[in-house]
Structures are given as structure tokens and as C-alpha cells.
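The values are calculated or read from the model by the stated rules, or taken from the named source; none is laboratory data. No experiment lies behind these values; they were computed from the predicted model shown. Here Cβ is always computed from backbone atoms with ideal geometry, including for glycine, and neighbour counts include all displayed protein chains. Areas reflect the complete protein model, heavy atoms only, side chains present, ligands, DNA and RNA absent. Shrake-Rupley method; radii C 1.70, N 1.55, O 1.52, S 1.80 Å.
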Amino acid sequence: MKKCLIPVLCLLFMSACGGTATKEIDLNTDTAENADFSSADLARITDGMMNSISANGFYQMYAAEHAGQKPVMLLAKSLLNNTDEHINTRLILEKIRTRMINEGQAQFVDDQAFDMALDQLNLQASDLYDNAKAAKIGKFVGAKYVLRGSISNIRKRDGRENINFVNVTMDIFEVETLLIKWTDEVEFKRASTKGALR
Amino acid sequence: MKKAFLAAAVLLAVACATYTSRMELSRELYYDGRYDDARANLDKLVKNASGKNRYLLLLERGKVNLAAGAYDSAIVDLQEAERRFLEIEATVSIAEVFGEMLVNPTMGEYQSEPHEKIMISSYLLIAYWLKGDREGAFVERNRLVERLKQYTEGLSEKDRPALDVPFAHYLAALMYEIEGREDDARIEYDALEHLAPGAAPQAVNPRTRELIVFTEVDRAPVLVSTEIRGYLQKDGGSLVGFFNLPGNEAPQMFMLPGLDNLNLDKSGVLFTFAFPQCVKQPRMVHHCKLVVDGMEAGEMLPLDNLEGTICAAYEQSLGATLLKAAFRTYIKTVAQTKLSKKDDAGGVAFDVLGKMMSAFDRADTRAWQTLPAEIRVFRMECNPGSSEVFVRYYDDRGDVLGVSNGVVVSPGRSNKSIVFLI
């Protein structure tokens, strides 16, 4: 019995050591792995900015002035990346856009769908389509506001220590007047230290 | 038995060629401009490389990809290497330290030199810019400035001219200028002016349409393995070693104190160790001129003497290299003298051990070998139209050595057209 048990235990131990371990990470409790920009920061920035826009009263003022309508907005191509990391900053803007639309705060013009929409309109205006039911040209809605911003960092590396300060500043400006209707920033500073042994 | 051990050790020693000898073919193909062949050879080396050398080989392949215009591949290789070098920076592996001390210094993972890390960011910046990713190039500029701060700020005024990288300051300044951050550009150009007088432009003007051409000239020095012979003798409670280093007339001396219980059976012991000698490569190019649309526009200015930087970094690390060699020499001596006296069987075993350690002893010749000896620059105002540019290289007698590949420069989003010719 003992003779059989030992190899089986060895095999079990070896199988536990081999292969790839995969686990689901809860995004609500996600934390940064090191001082670099991480997925956990996306949630922090989105929450911070959304709370700030709501507290600012921008939507309420717009609705009061425009008979309860929602403002039509456009995303900037990306956040201006002034950091030393290659970050997909568009993701930050899109997360905020998603929240704004889902919470019924604003309408957005899809800046990346222009060419595709134009192709469709041209195609539907041709004889291939039933013109009575085709999408009409001349109904694009212009954005009144643009959501944009920048992300910057100041990093200090010293031996095994990596200290990173990150600032994300965003604003909504009015296209007609260039007046900034809302602006705020989210900042955080993180230090990570590598182990001396590898 | 003893003969079998020796034969195995000799075979192993032959099989484990130095990094420089393994890189020889790729290096020659690269400098010959046969980038596809160089890349194919490097692909094999990367595939067969151990974790210790893999990231250095990625640097070499990244550089070849950059020269071949395969910018995306260059970025992938250089970034993977950079990530690892930053990850292992200022850390140690106990197993590797033992391996380095007892066997040879190539047992440890390659840790890149500061100037190499600065050059990684410089080449990444160029790769992003040339592939048309302006934002990516600005991010690399930010990384480059951080590296310069990290690795050169602590240098003394004496060391800085030799160990700083003017090319990196120029690239950082140029990117700031393109972004319209004139003050930041001026700071970097001022730093450059101290390092390479005359290389910085007279004025910072983001609105002027200009052509800026960089070219790499000749080959960086390589490290080659050289056998050093020396003499070890007892002096009171210490062991004192004498040896001659290539290029140094005066004999070098090291002392290993606290060894009064070690009885050398002779008045002294001869020893050998493998030493990485820094060998400058022959300089062929005396000067070079930029040719724009068939006309020589002017002589390119010296910007960065990387050969000097590499040699200065080598000189700085010489102390640590010799300390490790001295320690291995001591271990070998102990194995071959003191322990061999215990008994006959043990004597034979330790004699074999000593001889095997000699056979395994290998100099660490690892370094980024596809770097140039020098980088030159030419900057001129240009018209908005397209131009064809190339560089003509001359020897010291004024004869043409050859020309670089030609590049057609078309007006882009920026007023500054950057060309990088190898």
C-alpha cells in the first residue's frame, strides 16, 4: 500500500506544480501589481471623474436650459499621454462615455463611425436600395461639447524602488465658445519595491 | 578516470564558445548590410539561447530589425529586452552568484550597462517615429529622459563626458521641439552642448522646416576572451597575486587576506584566468557627407562617440571583473594545493576539480555588439517638397568608402523630417 501511495503522492505533487494556473480576478477588488499604470487605475479614474461631473451640475444646468434634453458630446481621439508608459488612453475616455450613456447623462456622437456611416448612406442612396426606406442624408448631429484630457506622470526610480505619481486631468469644453464647462483631476502616487533576490 | 574527466571538460569548453564568437556571423552579416541573413542567424541564436543571454540577443535582433526598417519587430524585441533588464536591475540571484564565483562569470544572467539601457530607449524612440507613431515616440522620449536622469545624474563631472550619451539628449530635445515644448528642448540641447560642442542647433525653432539626418559610423568595440597568466605567492597571512593585463605595462597585484592556514607546497603557484579584453574595431570612416538630391549638402558633425562610452564603462567595471577572477583563482589554488594533500583519492579528485575549473573558466564577453562606434548628425533647413537623401562615407585619404541606403523624405505632419541611416 505504502509503495503505491508514495508515487501517487509524488505524481499529485508534480501535477500541482506543472501546467498553467488561471484564476478570475474580481475587478471590484482589483489592485495594482506595481507602481506602473494598471487596470485598477482605470476604475479609480472613471469613478473619480463620473462623481465629479455629477457633482458639478453640468447636466442639470444643460437640461434646465434645453427643456430637459441631454447634451450631445464627442470624445477626443485620445487622452494626451504625457507619461513614460505606452497606455491605451482611449480606453479611459470610452469607459467614461459608457458610464455617461448608461446613466442617461449625455448623448455621444461616434467619432469613429463617420466613414462607415458615410459609406452606408452613399450605398443606400443608390438604386440598390428602396429609397423610401433608406437612411436619409443630412441628419448627422453635431457635437456641442468635447470630452478630452491628459495623463502625466513623474517617476523616480532608485535602485529597487519605483515611485510613480500620476495625474489625470479631464475637461468638457463647449465647441461654440471654447468655454470649459467642467474640469477635474484624479491623482495617485504609488511606490513599489522589488525583492533583492530573484 | 582522470583522463575521462579531462576529456569531458575539454569537450565542454569547446562546446561553450564565448558570446563574441557566437555572434561573429550575425555581426558580420549585419555590418555587411545583409539584414535578412543576420536576422535569420539571430533567430536561431535566440531560439537556442538560455535565459541568461536571451535578452541580450533580443537587443541584437532588435537593432537588426531597426536597420532593416522592420520597426514593429524592432519595438517588440527591444521592449522585451528592456522589460527584463529593468526587472532584474539591482537584484541578485544567489545561484547565479555562486555560479559566477565558482565556475565563470557567464553563469549569471546578462545585466545591461547603463549606456545600453539609454540606447534601447533611443532606438525605440526612432522606431516609433519612423513607423509614424508620433505619440509612441513622445512616450519613448519621456522614458529616455527618465533613463538619462537615472543613469547620468549621479555621474561626477569627470565621468560624465565619457559615460553620458549625447545622441539620447539630441533625440529628446528634438522630440520636445517637435511637440512645441521649446524650454524643455533647450534644456536638453544645453546638456548636449556640454557633451558634444557644436552638435546642438543654434536656435530652437519648432516652426522651421528642417531635415535632421543621423548616421551610424563603424563598429563598437567587442570583448574577447584572453588568457591571463599570473603568479600567486604567500606573503604573511595573505595570498598575493601578480599578473599583467593587456595594454597595461605595470603588473597588477591583488591580495587575498586571512589565508594563513593555506600551505602552498611551492614558494609560489602559477595561475591562469580568462579575461574579457575590450578590443576596439578598426575605424574605416574618417568623415561623411550628406547627399540631398544628388548634391553634397555638407559634412556630418560628430555627435556621439559610443566607442569611448563603451570603453569607459568597461574600465569602470574592470575592478569587479578582476575581483571575481581573483576569487576563482583562489578557489582553484585551494583545490589544487591544500586539499590535494589530504589523501591520494581526494588528491586526484581535487586535482581534476582544479583542472575542470580551469577548463570551465571563461571570460564574460557579453555586450551589445551591433552598436556603432560613432553617431553623426546633419541638420539643414529644407523645402516642403520630397528629397532623396543618402550619406557618402570617406576614408582619411578622401576616397569614397561607400554610401548608405537612399531614403526619400516626404513632408509629413511635422516640420522636422528625421532620417536614420545605418
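Could you work out the local net charge near B:E374, counting Lys and Arg as +1, Asp and Glu as -1, over the other residues with Cβ closer than 9 Å to its Cβ?
Here the count lands on -2.
Quick one: accessible surface of A:E33, probe radius 1.4 Å, all protein chains present, in square angstrom to the nearest 10.
Counting only protein heavy atoms, A:E33 exposes about 140 Å² to solvent.
Calculate the dipole size of chain B relative to its Cα centre from +1 charges on Lys and Arg beta carbons and -1 charges on Asp and Glu beta carbons; express the result in debye to the nearest 20.
Charge dipole of chain B: 1420 debye, to the nearest 20.
State the dimensionless ratio Rg/Rh of the protein assembly as shown (Rg: radius of gyration of Cα atoms; Rh: Kirkwood radius).
1.07
Report, in debye and to the nearest 20, how large the dipole of the protein assembly as shown comes out about its Cα centre when Lys and Arg carry +1 and Asp and Glu carry -1 on their Cβ.
So the dipole magnitude of the protein assembly as shown works out to roughly 2120 debye.
May I ask you to evaluate 6.51 cos²θ - 1.76 cosθ + 1.60, the Karplus curve with θ = phi - 60°, for each residue of segment B:150-158 and list the ³J(HN,Hα) values in order in whole Hz, giving x for glycine and proline?
5, 9, 10, 5, x, 6, 6, 4, 6
Can you sort B:I422, A:I151 by solvent-accessible area, 1.4 Å probe, largest first?
Largest to smallest exposure gives the sequence B:I422, A:I151.
For segment B:176-332, compute Rh as the Kirkwood radius over C-alpha pairs and then the Stokes-Einstein diffusion coefficient at 4 °C and 1.567 mPa s; write the answer in µm²/s, rounded to an integer.
Taking Rh from Cα pairs, D becomes 63 µm²/s.
Given a cut-off of under 8 Å on Cα pairs at least six residues apart, what relative contact order in percent is computed for chain A?
Relative contact order, chain A: 20 percent.
Identify which of A:A143, A:A132, A:A43 has the largest mean-square fluctuation in a Gaussian network model of chain A, with springs joining Cα atoms closer than 10 Å.
Looking only at A:A143, A:A132, A:A43, the largest GNM fluctuation is found for A:A132.
Considering only DSSP states other than H, G, I, E and B, which trypsin sites (Lys or Arg not before Pro) in segment A:73-137 qualify as loop sites with at most 15 other Cβ atoms within 10 Å?
A:K77, A:K133, A:K136
Quickly estimate the mean residue ellipticity at 222 nm for chain B, helices only: each DSSP H run with n ≥ 4 gives -39500 (n - 2.57), and the total goes over all residues, rounded to 500.
Value at 222 nm, helices only: -15500 deg cm²/dmol.
What accessible surface, in Å², does a 1.4 Å probe find on B:L195, ignoring ligands, DNA and RNA and rounding to the nearest 10?
Spelled out: B:L195, probe radius 1.4 Å, area about 40 Å².
Run the 1.4 Å probe and let me know the accessible area of B:L86, rounded to the nearest 10 Å².
20 Å²
Quick one: of A:K95/A:K181; B:K44/B:K117; A:K136/A:K181; A:K156/B:K158; B:K63/B:K324, which pairs are farther than 22 Å apart, Cα to Cα?
In this structure, B:K44/B:K117; A:K136/A:K181; A:K156/B:K158; B:K63/B:K324 exceed 22 Å between Cα atoms.
Where Rh is the Kirkwood radius over the Cα pairs of chain A, the temperature 10 °C and the viscosity 1.306 mPa s, what D in µm²/s does Stokes-Einstein return?
D = 75 µm²/s.
Expressed as a rounded percentage, what relative contact order does chain B have, with Cα pairs under 8 Å and six or more residues apart?
20 percent
How large is log10 of I(q)/I(0) for segment B:39-174 at q = 0.15, 0.16, 0.18, 0.21 Å⁻¹ when the intensity is taken from the Debye formula with one equal scatterer per alpha-carbon?
Rounded to two decimals, the profile gives -0.80, -0.89, -1.05, -1.24.
Cα atoms only, segment B:105-244: Rg and Dmax in Å?
Values for segment B:105-244 (Cα only, Rg and Dmax): 20.8, 73 Å.
Would you kindly calculate the translational diffusion coefficient of segment A:31-88, applying Stokes-Einstein with the Kirkwood radius from alpha carbon pairs, for 20 °C and a viscosity of 1.002 mPa s, and quote it in µm² s⁻¹ without decimals?
The calculation lands on 151 µm²/s.
How large is the Kirkwood hydrodynamic radius of segment A:91-160, in angstrom, based on all distinct alpha carbon pairs?
After inverting the mean inverse Cα-Cα distance, the result is 16.0 Å.
If the elastic network links every pair of Cα atoms under 10 Å, which of B:F254, B:F275, B:F138 fluctuates the most in the Gaussian network model of chain B?
Checking each option, the largest mean-square fluctuation is seen for B:F254.
Determine Rg/Rh for segment B:157-233; Rg is computed over alpha-carbon atoms and Rh is the Kirkwood hydrodynamic estimate from the same atoms.
1.25
For segment B:147-224, state which GluC sites (Glu not before Pro) are in a DSSP loop and have at most 12 other beta carbons lying within 10 Å of their beta carbon.
Counting only loop positions with at most 12 other Cβ atoms within 10 Å, the GluC sites (Glu not before Pro) in segment B:147-224 are B:E153, B:E157.
Could you work out the equivalent-ellipsoid semi-axes for chain B, taking the square root of 5 times each eigenvalue of the Cα gyration tensor, largest first, in whole Å?
48, 21, 19
Helix B:35-48 against the longest principal axis of chain B: what's the angle in degrees, Cα atoms only, rounded to the nearest 10?
40 degrees
Of all the C-alpha pairs in segment B:95-153, what % are more than 17 Å from each other?
Value for segment B:95-153 (Cα pairs over 17 Å): 53 percent.
Tally Lys/Arg at +1 and Asp/Glu at -1 over every other residue whose Cβ is under 9 Å from the Cβ of A:K181; what's the total?
In short, -2.
Assigning unit charges at the beta carbon (Lys, Arg +1; Asp, Glu -1) and nothing else, what dipole magnitude in debye, to the nearest 20, does chain A show about its Cα centre?
880 debye
Going from most exposed to least, what order do B:D304, B:D43 have by accessible area with a 1.4 Å probe?
B:D43, B:D304
What is the angle, in °, between the Cα long axis of helix B:71-88 and the longest principal axis of the Cα atoms in chain B? Nearest 10 is fine, range 0 to 90.
In chain B, helix B:71-88 runs at an angle near 40 degrees to the longest axis.
For chain A, build the charge dipole from Cβ charges (+1 Lys, Arg; -1 Asp, Glu) around the Cα centre, then report which of A:A55, A:S192, A:L93 sits farthest towards its positive end.
Toward the positive end, the furthest listed residue is A:S192.
Cβ under 15 Å from B:P276's Cβ, B:P276 left aside: what net charge do those residues give with Lys, Arg +1 and Asp, Glu -1?
Around B:P276, the charge tally is 0.
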